[in-house]
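Structure record follows, encoded as structure tokens.
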Amino acid sequence: AAKNQGRSRYCYFMPAMQEASAMRLRLGNDLRHALTDRQLSLFYQPIVDFESGRIQKAEALIRWQHPTRGWIHPLDFIAVSEDNGMITEIDEWVFHQAVDQVAIWRANYHADFQISINTSSAQFQNNGIKLNEWFVYLQDRGLSGDCIAVEITEGLLLNATAIVSEKLLAFRDAGIQVSLDDFGTGNSSLYSLKKYDIDYLKIDRSFVANLTADSNELVLCEAMILLAHKLDMKIIAEGIETQEQFDLLRQAGCDYGQGNLVSKAVSAEEFEKLLS
Ligand code: C2E
Ligand code: MG
Ligand code: MG
Ligand code: MG
């Protein structure tokens, strides 16, 4: 069918595709210098405990300050880094950076403070995460595993290979917590929620975006909250932008919330102002 749809499509799309892949190639090359030239940074978005109203956690979100292109968001370079193999070093850098930061915030602010980091599914499957080195890094700093939560996505559980299961067990042994990100958007089986030890479910922001008192989204959020609690998990709503969404989620029994209503992701320096 694609063939019959004719030449015009082909002619139209080809230059755009070539342009896009040339761009990826350039970005990929630039990314090799990004780490050594300190162009990458972690931004932090506060996660609020609904009950106490306090900032108890933060999600670390990577940013790239490109010398000529300005700030680049992760969705525009994580896939590139997976293609060219840089993701291994990036994930490692994110972990070290987050641990160094959480050590400071635990000492100066809240003894239970936790930072969650995002991981690439590819890294999980390819054994790219050097867990033993992670544990040593934590131990050397006298930190318990629960200062870090690792965010994974649903797809990973569905295709859980032996390597993935092993990793999840190893995280549990080390006390590192596991969050299921973007919950409700992918294909995870309810069975896998029980099978693997997941500590947090994160309600995807697409549910929160349309949340009003009489919406289907409210019913879905309530169901996810119930499900999480029945399975002994805590639940975090992401993408909260309005006070109404915040109030509805709190009333529904949601444990934690994050979103632009409280703050977008900010530099560590800015984050400290939010903490104090
Ligand atoms: P995510 O883990 O689901 O992160 C949430 C995304 O939603 C972030 O986008 C955040 O800035 C955005 N967000 C938070 N609150 C709101 C809100 O109220 N409204 C709206 N419209 N958006 C909100 P960001 O920082 O662009 O990150 C995009 C994705 O990139 C993340 O999705 C995550 O999957 C990935 N990512 C981020 N940092 C890393 C990293 O260090 N490593 C890896 N492998 N992936 C990362
Ligand atoms: Mg995340
Ligand atoms: Mg998320
Ligand atoms: Mg999301």
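The values are calculated or read from the model by the stated rules, or taken from the named source; none is laboratory data. If you're wondering where the values come from, they're calculated on a predicted model, not measured in any experiment. In this analysis, Cβ positions are derived from the backbone assuming ideal geometry, glycine residues included, and neighbour counts consider all displayed protein chains. Areas reflect the complete protein model, heavy atoms only, side chains present, ligands, DNA and RNA absent. Shrake-Rupley method; radii C 1.70, N 1.55, O 1.52, S 1.80 Å.
In loop segments of the stretch 6-107 as defined by DSSP, the GluC sites (Glu not before Pro) with at most 13 further C-beta atoms inside 10 Å of their C-beta are E51. Calculated accessible area for the stretch 144-276 comes out at 48 Å² per residue, all protein chains present (probe 1.4 Å; ligands, DNA, RNA ignored).
What the Cβ-Cβ distance of H33 and T242 gives, at R0 = 30 Å and to the nearest 0.05, is a FRET efficiency of 0.15. Expressed in Å, the radius of gyration and Dmax of the Cα atoms of the stretch 48-126 are 15.0, 44. For the chain, the calculated P(r), taken from all Cα-Cα distances in 10 Å bins from zero up to the bin holding the longest distance, is 6, 26, 32, 24, 9, 2, 0 percent. Looking at the stretch 32-116, which trypsin sites (Lys or Arg not before Pro) are DSSP coil and have at most 15 other C-beta atoms within 10 Å of their C-beta? Listed in order of number, the matching sites are R38, R54, R69. Projecting the Cα atoms of F50, L138, S206 onto the dipole axis of the chain, where Lys and Arg carry +1 and Asp and Glu carry -1 at the beta carbon, places S206 farthest toward the positive end. Taken about its Cα centre, the chain carries a charge dipole of about 800 debye when Lys and Arg each add +1 at the Cβ and Asp and Glu each add -1 at the Cβ.
Taking 0.36 nm per residue of separation and subtracting the Cα-Cα distance, what length does fully extending R69 through M23 add? Full extension of this stretch gives 15.4 nm more. Here the alpha carbons of the stretch 121-276 define both size measures, Rg and Dmax, at 16.8, 51 Å.
Starting from 0.36 nm per residue, how many nanometres of slack lie between L226 and E166 once their C-alpha separation is accounted for?
Roughly 18.8 nm would be gained on extension.
Could you tell me what percent of the accessible area of the stretch 50-140 is made up of carbon and sulfur, with a 1.4 Å probe and every protein chain present? Summing carbon and sulfur atoms, their accessible area is 46 percent of the total for the stretch 50-140.
Among T185, T36, Q258, whose Cα projects farthest towards the positive end of the dipole of the chain, with charges put on the beta-carbon of Lys, Arg (+1) and Asp, Glu (-1)? Value computed over the given set: T36.
Can you tell me how the stretch 64-169 classifies by the Cα gyration tensor, rounded, prolate or oblate, using a/c under 1.5 as the rounded cut? Oblate.
Modelled spin-label separation between E51 and E270, with each label point placed 7 Å from Cα along the Cα-to-Cβ direction: 3.1 nm.
Compute the convex hull volume of the Cα atoms of the stretch 1-149, divide it by the residue count, and report the result per residue in Å³ as a whole number. Walk me through the intermediate numbers first.
Values: hull volume 25.8 nm³, N = 149.
Hull volume over Cα atoms, normalised by residue count, gives 173 Å³.
When the Kirkwood radius is taken over all Cα pairs of the stretch 183-253, what Stokes-Einstein diffusion coefficient follows at 25 °C and 0.890 mPa s, in µm²/s? D, rounded to a whole number, is 199 µm²/s. Helices in the chain, meaning DSSP H runs of at least 4 residues, each add -39500 (n - 2.57). Divided by all residues, the mean residue ellipticity at 222 nm is -15000 deg cm²/dmol. About the centre of its Cα atoms, the stretch 214-270 shows a dipole size close to 200 debye [charges on the beta carbon of Lys, Arg (+1) and Asp, Glu (-1) only; nearest 20 debye].
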